[in-house]
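Nothing in this text is a laboratory measurement; each read-out follows from the coordinates by a stated rule. Please read these numbers as outputs of a predicted model, since none were measured by experiment. Virtual Cβ from ideal backbone geometry, glycine too; neighbours counted across all protein chains shown.
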Amino acid sequence: MKLVFLDTETTGNDPAKDRLCEVAYQVDGELEVARFKPPVPMSVKAMSITHITEKMLEGLPAFAGSGTHEKISGLLKDGILVCHNCAFDAAMLEAEGIEVSRRICTLKVARHLDADAVIPEYGLQYLRYYLGIEVDGGAHDAATDVRVLAALFERLLSKMEAAGMERDAAIAEMQKISLLPSLIRTIKFGKYFGAKVEDVARTDPGYLEWLLEQKRNSDRPEEDWVYTLEHYLGRA
């Protein structure tokens with residue numbers, strides 16, 4: 001099965017109402033990038049992150065019905081979608097009518113392989129510089145993100161192979177990891193910034209109870225945090 005390394009830029013962070021405005025994908029080393037006019041306006045927050053403005057999208061075709069839509073849909077029928085924080089990109093593709101049946105999330109795999117929680121953060125660009133991944137391109141655009149993504153995937157795969165796994169078995173294991181909630185070991189916000197979740201569970205379980213309620217009621221998918229908090233509170 002082909003690996004489809006993909007990154008989207010979107011009008012916002014809610015797959016229920018936001019849509020794709022740019023997509024980059026790489027298959028067999030060939031990189032394709034295209035922009036589209038979404039059916040909803042770009043949010044100011046999205047523009048501040050992507051540097052893609054409404055004016056830049058004027059006159060462009062819609063993603064739905066485009067050749068790019070058809071090609072990606074065809075690739076994913078038999079291929080494996082590889083993204084960083086794959087739940088978001090997969091949700092955006094599915095909102096555009098593209099079925100995603102197999103996926104690998106490099107964020108989940110990176111977190112899973114970092115069993116001792118040595119890496120401070122797991123954002124794509126953070127991992128790029130933390131691991132010394134050298135690729136051409138700026139700090140944030142879909143094409144550069146895909147190049148970093150593909151290099152990160154190979155780094156993670158090499159680590160699994162070094163541990164004794166065959167390539168196909170490692171890719172299959174990556175898919176399993178990507179479909180399950182992952183355990184978050186360190187808090188990166190609020191009054192316990194930098195603390196281990198297991199330590200807070202011993203000293204202030206009430207805080208974790210409160211946080212669990214917040215994560216359960218969040219508008220954004222928070223399955224990893226819900227799983228983590230239930231685990232350390234003894235409910236998993």
**Asked** So, with +1 on the Cβ of K and R and -1 on the Cβ of D and E, and no other charges, what is the size of the charge dipole of the range 96-153 about its Cα centre, to the nearest 20 debye?
**Response** 200
**Message:** If you fit an axis through the alpha-carbon atoms of helix 205-216 and take the longest principal axis of the Cα set of the chain, what angle between them do you get, 0 to 90°, nearest 10?
**Reply:** 20
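With runs of 4+ DSSP H residues as the only contributors, calculate the mean residue ellipticity of the chain at 222 nm using -39,500 (n - 2.57) per run, divided by the residue total and rounded to the nearest 500. All intermediate terms of the calculation are to be shown ahead of the outcome.
Numbers: 11 runs with 111 residues, N = 236.
So the calculated ellipticity at 222 nm is -14000 deg cm²/dmol.
Say R0 is 41 Å: what FRET efficiency, to the nearest 0.05, do MET56 and ARG202 get from their beta-carbon distance? Don't skip to the end; give the middle numbers.
Numbers: r = 51 Å, r/R0 = 1.25.
The calculated FRET efficiency here is 0.20.
At 0.36 nm per residue, and after removing the present C-alpha to C-alpha distance, how many nm does the segment from ASP136 to ASP114 gain when stretched out fully?
Values: separation 22, 0.36 × 22 = 7.92 nm, distance 2.61 nm.
Using 0.36 nm per residue and subtracting the Cα-Cα distance, I get 5.3 nm.
If I take every Cα pair under 8 Å that is 6 or more residues apart in the chain, average their sequence separation and divide by the length, what percent do I get for the relative contact order?
With pairs under 8 Å counted, the relative contact order is 16 percent.
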**Item:** Cα gyration tensor of the range 190-232 - equivalent ellipsoid semi-axes, whole Å, descending
**Value:** 18, 10, 10
**Complete:** Between ARG185 and VAL40, the two model label points (7 Å from Cα along the beta-carbon direction) sit apart by a distance in nm of 3.7
**Item:** Added length on full extension, which subtracts the Cα-Cα distance from 0.36 nm per residue, ALA172 to LYS77
**Value:** 32.5 nm
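Taking neighbour counts of Cβ atoms within 10 Å as a proxy for exposure, in what order, fewest first, do TYR25, TYR192, TYR232 appear? Walk me through the numbers on the way to the answer.
Details: TYR25 26, TYR192 18, TYR232 22.
In order of increasing Cβ crowding within 10 Å: TYR192, TYR232, TYR25.
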**Request:** Could you list SER178, SER48 in order of exposure, starting from the residue whose Cβ has the fewest other Cβ atoms within 10 Å?
**Result:** SER48, SER178
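Work out the FRET efficiency for GLU32 and SER158 from their Cβ-Cβ distance, taking R0 = 22 Å, and round it to the nearest 0.05. Before the final figure, lay out the partial values.
Working: r = 26 Å, r/R0 = 1.16.
According to the calculation, E is roughly 0.30.
May I ask you to sort HIS69, HIS51 by Cβ crowding, counting other Cβ atoms within 10 Å and putting the fewest first? Before the final figure, lay out each step's value.
On the way: HIS69 21, HIS51 12.
Ascending number of Cβ neighbours within 10 Å: HIS51, HIS69.
Stokes-Einstein diffusion coefficient for the chain at 25 °C in a medium of 0.890 mPa s, Rh from the Kirkwood formula over Cα pairs: what value in µm²/s?
On the way: Rh = 19.0 Å.
So the translational diffusion coefficient is about 129 µm²/s.
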